[in-house]
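Following: one structure in structure tokens, then a few remarks.
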Amino acid sequence: MIQVVKNLLFLASGRGSNFKSFVDHIRLGILKAVAVKILVSNRVNAPVLEIARIADIATKELVGTSGRSFVSKEEREKARLDFDKQCLELVHQFSIDYVLLAGFDQILSKSFVDSMPCRILNIHPAYDLRAFGGKNMVGSKVHDSVVRSEVRYSGCTVHFVANEIDQGPAILKERVAILPDDTAGSLEQRILAYEHLLYPQALQLLVDGRVFLSDDRTKCYVDRFSDNWDIEWWKRQEAYLRKIQFDTITLQEAQTS
Ligand code: GRF
């Protein structure tokens, strides 16, 4: 079956490990029928830009709201709308099907979100997004709150972006157990490894037409299992796991030599 290739635009602000995972999944032929058209960063010199350049992917640095101070709320809102307007122009210019947030530290405006219903995806490093998602739940704050709470597991969630922060319909979730000696840092590292597997999988399910929304668009139903889809996916994703293992070994050898 020939699939129509879906065009992707990534929005990222930082180190870019999730973006790198997408690059690897595509290069290894695991994630199919997608093309990364451009990576946009709202932070000048964000490490993620270098990852894109090495992979020969177009980049654009757009001045956003993060890391800047504004004289008023109105000025901040104006800067946000300006950023989103430029992004939307890129969406049209590159005929973008899906926008993927990969460590993007800026809140998108309502007009941007509403102009791409169920076409913007995000990954959040928690399992329960009601308890550990929302406006101030970013970076280590998420894991801090988790380890200080009574919960026994955390994880990660890939979801569609809606206007309520981190509360759009979830496509895929993964649980990660909290160990007795876990700190926010150790938990973050363990969850991140799962994020790198889960996010590309969620996108492939979407591209393969296996994600269905409820009529009110508040819930997703995902068909992961029919026609052995999941078995095929895990077989393909083994190549990524081998690559990660190889990268770790060569890094360790380089550090000890
Ligand atoms: C990840 O933990 C992701 O869940 C969150 O931001 C972090 C980004 O990390 N949205 P990276 O830039 O992909 O390494």
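The values are calculated or read from the model by the stated rules, or taken from the named source; none is laboratory data. Note that the structure is a prediction, hence the values are computed from the model and not measured. Every residue, glycine as well, gets a Cβ built from its backbone with ideal geometry; the counts of neighbours run over all protein chains shown. For the accessible areas, the whole protein counts, side chains as well, though only heavy atoms, and no ligand, DNA or RNA atoms are used. Shrake-Rupley method; radii C 1.70, N 1.55, O 1.52, S 1.80 Å.
Results, tabulated for the structure shown:
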item	result
Principal semi-axes in Å for the range 74-185 [√(5λ), Cα gyration tensor, largest first]	30, 15, 11
Rounded accessible area of VAL71 (nearest 10 Å², 1.4 Å probe)	140 Å²
Cβ crowding within 10 Å averaged over residues, with 41-47, 122-128, 1-7, 136-142 ranked highest first	122-128, 41-47, 136-142, 1-7
Residue range of the chain that is longest and free of GluC sites (Glu not before Pro) which are both DSSP loop and sparsely packed (at most 16 other C-beta within 10 Å)	1-149
Residue-wise HN-Hα coupling along the range 42-52, computed from phi with Karplus coefficients 6.51, -1.76, 1.60 (Hz; x: Gly, Pro)	9, 10, 5, 6, 4, x, 4, 5, 5, 4, 5
Other-chain or far-sequence residues with amide H under 5 Å of VAL34's (modelled H)	LYS6
Average projection area in nm² (convex hull over Cα atoms of the chain, one quarter of hull surface)	15.7 nm²
Probe 1.4 Å, protein heavy atoms only - accessible area per residue of the chain in square angstrom	54 Å²
DSSP beta bridge pairing in the chain, given as percent antiparallel to the nearest 5	45 percent
Accessible surface of the chain [probe 1.4 Å, protein heavy atoms]: carbon and sulfur percent	52 percent
Average projection area in nm² (convex hull over Cα atoms of the range 1-81, one quarter of hull surface)	6.4 nm²
Full-extension gain in nm, VAL44 to THR256, via 0.36 nm per residue minus C-alpha separation	73.0 nm
Cα centroid separation - the range 51-102 against the range 1-33, whole Å	18 Å
Size of charge dipole - the chain - debye, nearest 20, with Cβ of Lys, Arg +1 and Asp, Glu -1, no other charges	220 debye
Whole-number percent relative contact order across the chain, with pairs defined as alpha carbons under 8 Å at least 6 apart	17 percent
Gain upon complete extension [TRP234, SER72; 0.36 nm per residue less C-alpha separation]	53.3 nm
